[in-house]
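Below is one structure, written out as structure tokens; comments come after it.
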Amino acid sequence: MHLDGFDDEVGKRVAQAATQAQTSVSLQDLMRTGKGEYLHKTFEDSFEDLQENHSATELVLMQVAGFLRREMPVRLAHRIRDLERVPLMKDVASVREVRDLYITSYLELEEFDPIIRTPEQEEDFSKLLENVYERHSKVLVQMARGAYEYRNLIRSKKDMEFELMEETHNFLDRFYLYRIGMRVLIGQYLALRQPPVENYVGIVCSHTSPYEIVKRAIDDAAFMCTRKYGDAPEVIMSGRLDLTFPYVPTHLRKFLSLYLF
């Protein structure tokens, strides 16, 4: 893979990483790992010795950090490959900026110690991931700008084929979906490093209430509607209002905010 602005060696490393499969992770996996239920699978023969020298929290953090050290470069490589292959859009300035940002993060993570076995390594890795998490926080805005630039580009091409447009839409759907996955994995790890919160394992709440989240979104929408128009329509919720389930509440809130506003 040739990446403009980077050495050929970087392109080879990214291409090699992109051939590896991304690991599927469920919410149940996140919760059970955060509780330490999979520690014996990672540390295997040295588990008992490690228990004598480290707390359960330290072991969990080292386990999650070790997984992310292996997984994140692979996921980033897949996104870099997609950004490099999407027709026309790959040449848009804002999209190229996103690609370069992903390459920078990939290189930083790949160059970190491949095996994390001490709390000191884990702490250094957490600082690196915090920087990556913050650096990528503006990707949505950059990609939105790129989509606008892309729209102007295709308007100048009267012979644009439908298949090309469909390929671009598929790329964007895939890009945003996998971006959410990366944000969840990093967010979960960073949350596990914070003091515990009741009913939470990292960012996953074991008793997420859709009623409470929707009610808050309705109240926010009603406030904005009343402020602008002087009134707001009544919203009636019905069904299992007491229902709860394990989920990431912040993602439900973001989805509803986008839908309502």
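The values are calculated or read from the model by the stated rules, or taken from the named source; none is laboratory data. The model shown is predicted, which means the values in this text are computed figures rather than measured ones. Cβ coordinates were reconstructed from backbone atoms using ideal geometry, including for glycine residues, and neighbour counts include every protein chain displayed. These accessible areas exclude ligands, DNA and RNA; they are computed on the full protein's heavy atoms, side chains included. Shrake-Rupley method; radii C 1.70, N 1.55, O 1.52, S 1.80 Å.
Below is a table of values for the structure above.
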| quantity | calculated |
| --- | --- |
| Test: residue in region 221-230 that is surrounded by fewer than 18 Cβ atoms within 10 Å (Cβ to Cβ), assigned to a loop (DSSP other than H, G, I, E, B), modelled with pLDDT under 95 and more than 14 Å from the chain's Cα centre (by Cα) | yes |
| Every residue from region 53-71 that is surrounded by fewer than 20 Cβ atoms within 10 Å (Cβ to Cβ) and over 28 Å from Gln16 (Cβ atoms) | Asn53, His54, Ser55, Ala56, Thr57, Glu58 |
| Within region 80-99, tally of residues that are under 22 Å from the mean Cα position of the chain (by Cα) and either over 14 Å from Leu164 (Cα atoms) or charged (D, E, K, R) (or both) | 13 |
| Condition met for Met72 (in contact with a Gly (Cβ under 8 Å, 6 or more places away or on another chain) and either of a type outside the set (Asp, Glu) or more than 19 Å from Lys138 (Cα to Cα) (or both)) | no |
| Region 161-190 residues that are closer than 24 Å to Val204 by Cβ and in contact (Cβ under 8 Å) with a residue 40 or more places away in the chain, paired with ones that are open to solvent by 80 Å² or more (accessible area, probe 1.4 Å) and of a type in the set (Asp, Glu) (beta carbon under 7 Å, 6 or more apart) | Leu190/Glu130 |
| Residue identified as crowded, with 17+ Cβ neighbours inside 10 Å and out of contact with any Asp or Glu (no Cβ under 6 Å at 6 or more places or on another chain) among Gly146, Gly181 | Gly146 |
| Region 13-31 residues that are of a type in the set (A, V, I, L, M), paired with ones that are in a loop (DSSP other than H, G, I, E, B) and surrounded by 14 or more Cβ atoms within 10 Å (Cβ to Cβ) (beta carbon under 7 Å, 6 or more apart) | Val14/Met1; Val14/Leu3; Ala15/Met1; Leu30/Gly202 |
| Only one of Glu167, Glu149, Glu163, Glu130 that is at pLDDT 90 or above and more than 18 Å from His251 (Cβ to Cβ) | Glu130 |
| Any hit, region 108-116, residues being hydrophobic (A, V, I, L, M, F, W, C), more than 30 Å from Leu153 (Cα to Cα) and open to solvent by less than 20 Å² (accessible area, probe 1.4 Å) | yes |
| Criterion (hydrophobic (A, V, I, L, M, F, W, C) and closer than 25 Å to Thr168 by Cα) met by exactly one of Ala65, Ala15, Ala56 | Ala15 |
| Hits in region 185-199 - residues which are open to solvent by 20 Å² or more (accessible area, probe 1.4 Å) and closer than 15 Å to Pro246 by Cβ | Ala191, Val197, Glu198, Asn199 |
| Residue within region 221-230 that is free of Cβ contacts under 8 Å to residues at least 12 places away in the same chain, in contact with a Ser or Thr (Cβ under 6 Å, 6 or more places away or on another chain) and on the phi > 0 side of the Ramachandran plot present | no |
| Test result for Cys205, surrounded by 14 or more Cβ atoms within 10 Å (Cβ to Cβ), more than 28 Å from Glu134 (Cα to Cα) and modelled with pLDDT of 90 or more | no |
